[in-house]
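Working notes for the structure below.
Derivation of every value follows stated rules applied to the coordinates shown; laboratory data play no part. In this text the structure is predicted, and so the values were computed from the model without any measurement. Note that we place each Cβ from the backbone using ideal geometry, even for glycine, and neighbour counts take in every protein chain shown.
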Amino acid sequence: MNRTEKENVVSELGQLLSDTPAAFLADFRGINVEEATQLRRELTQAGVQYKVVKNNLLKLAAKDTSTECLQPYCVGPTAIAIAGADPVAPAKILSKFAKEIESFELKAGVLSGNLLSIADISALAELPSREELLAKALSSMNAPVTNFVGTMAAIPRSLVQVLNAIGQNKAA
């Protein structure tokens, strides 16, 4: 790779890192091609960019971004997962993959400029997805209205039942 290619990689990666809410570093030693392909496929479907980069280029790209705190973890073979809109998605996928394949190890992560340890990444992976949280919030906001409608519908129903009981009493 010549100097211009390296500069292009650094500028492209720097732009991605400055725009992302979260990024995660992993050591991919020991995984085979099939496992790597499966991981890339899952991450791509979740809107996550997964790249294997040289540590020096990653350090240069991370400089003056919110991911600068990841520089000490740029040792050995390094892959970076750059989150799209949902920062929880890559944490879920990478944590699941690290549990399934022992040779794949998470190194660290960053979320909104805050360094995440492996335990923090696991805790982030346990969170429900954005869609689940929105659905729960919507159902919570909808519950009082639903209860009010049920209460209001019970009044005429009770009246009909009382009138029906009076009618059966008079018929008997």
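Odds and ends about this structure:
- Calculated log₁₀ intensity ratio I(q)/I(0) where the Debye formula runs over C-alpha points of segment 130-172, q = 0.18, 0.21, 0.24, 0.32 Å⁻¹: -0.63, -0.71, -0.79, -0.96
- Relative to the current alpha-carbon distance between residue 117 and residue 152, full extension at 0.36 nm per residue lengthens the span by 7.4 nm.
- In Å, descending, principal axis extents of the Cα set of the chain: 100, 33, 26
- For segment 86-135, size of Cβ-based charge dipole, Lys and Arg +1, Asp and Glu -1, in debye: 80
- Most positive-pole-ward Cα, 69, 154, 13, against dipole of the chain from beta carbon charges: 154
- Taking max minus min of the alpha-carbon positions on each principal axis, segment 35-113 gives extents of 32, 27, 17 Å, largest first.
- Here the extension length gained between residue 68 and residue 163 equals 26.7 nm, from 0.36 nm per residue of separation less the Cα-Cα distance.
- Straight Cα distances below 29 angstrom link residue 59 to the lysines 6, 51, 92, 96, 99, 107, with same-chain residues fewer than 8 positions distant left out.
- Alpha carbon centroid spacing (whole Å) that separates segment 1-56 from segment 89-150: 22
- Rounded to the nearest 20, the Cβ-based charge dipole of the chain about its Cα centre (Lys and Arg +1, Asp and Glu -1) stands at 480 debye.
- For the chain, the relative contact order works out to 26 percent when only alpha carbon pairs closer than 8 Å and six or more residues apart are counted.
- Cβ crowding within 10 Å averaged over residues, with 40-46, 113-119 ranked highest first: 40-46, 113-119
- Dividing the mean sequence gap of close Cα pairs (under 8 Å, 6+ apart) by how many residues segment 81-172 holds gives a relative contact order of 22 percent.
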